[in-house]
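Working notes for the structure below.
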Amino acid sequence: MLMLKVIQRGLSAAGRYMTVRMMLDDRPGSLATIARIIAENDANVTGLDHTRVGGAISMGDVSITVNLETKGHEHSEQVLAALRAEGFHPIVVH
């Protein structure tokens, strides 16, 4: 477990690992759209959390947290820009 944390911190510092949180409409296809954008920009999903219930989540919305592996800082920014261009509002958690 410690080794995994060390590796993740190293990847994060190099801009190769980031965690992004965003809200989506809770409807069929929303998650597929996010996956398509990430795939089209050659990033790798290493984890995903999909939450429908919580204090800050409105009815009809879903919160997702996506762990991504990228090629570096520039590539991370490319992925974020692509998500924003499609109308999403990604927040980088780390």
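Of the listed requirements (1) of a type in the set (D, E, K, R); (2) within 18 Å of Val93 (Cβ to Cβ); (3) in contact (Cβ under 8 Å) with a residue 24 or more places away in the chain, Asp26 misses just one: (2). Being among the hydrophobic types (A, V, I, L, M, F, W, C) and modelled with pLDDT of 95 or more holds for only one residue in Leu68, Leu11, and it is Leu68.
Quick one: in region 11-23, of everything that is of a type in the set (A, V, I, L, M) and more than 18 Å from His89 (Cα to Cα), which residue is surrounded by the most Cβ atoms within 10 Å (Cβ to Cβ)? If we take residues in region 11-23 being of a type in the set (A, V, I, L, M) and more than 18 Å from His89 (Cα to Cα), then Leu11 is surrounded by the most Cβ atoms within 10 Å (Cβ to Cβ). The condition of being surrounded by 14 or more Cβ atoms within 10 Å (Cβ to Cβ), closer than 18 Å to Asp26 by Cα, within 13 Å of the chain's Cα centre (by Cα) and not aromatic (Phe, Trp, Tyr) holds for only one of Val62, Val66, Val79, that being Val66. Can you pull out the residues in region 37-57 that are part of a loop (DSSP other than H, G, I, E, B) and either free of Cβ contacts under 8 Å to residues at least 12 places away in the same chain or within 11 Å of the chain's Cα centre (by Cα) (or both)? Ala43, Val53, Gly54, Gly55, Ala56, listed by residue number.
Every test in (1) loosely packed, with under 15 Cβ neighbours inside 10 Å; (2) in contact with a Pro (Cβ under 7 Å, 6 or more places away or on another chain) is passed by Ala35 save one, and that test is (2). Candidates are the residues of region 82-94 that are out of contact with any Ser or Thr (no Cβ under 8 Å at 6 or more places or on another chain) and not hydrophobic (A, V, I, L, M, F, W, C); the one that is surrounded by the most Cβ atoms within 10 Å (Cβ to Cβ) is Pro90.
Within region 64-88, the residues that satisfy the criterion of being under 14 Å from Met23 (Cβ atoms) and out of contact with any Leu (no Cβ under 8 Å at 6 or more places or on another chain) are Leu83, Arg84, Glu86, Gly87. Checking Asp42, Asp26 one by one, the residue that is on the phi > 0 side of the Ramachandran plot and either at pLDDT 95 or above or surrounded by 15 or more Cβ atoms within 10 Å (Cβ to Cβ) (or both) is Asp42 and no other.
The values are calculated or read from the model by the stated rules, or taken from the named source; none is laboratory data. The model shown is predicted, which means the values in this text are computed figures rather than measured ones. Because the Cβ atoms are built from the backbone with ideal geometry, glycine has one as well, and the counts that use them run over all protein chains shown.
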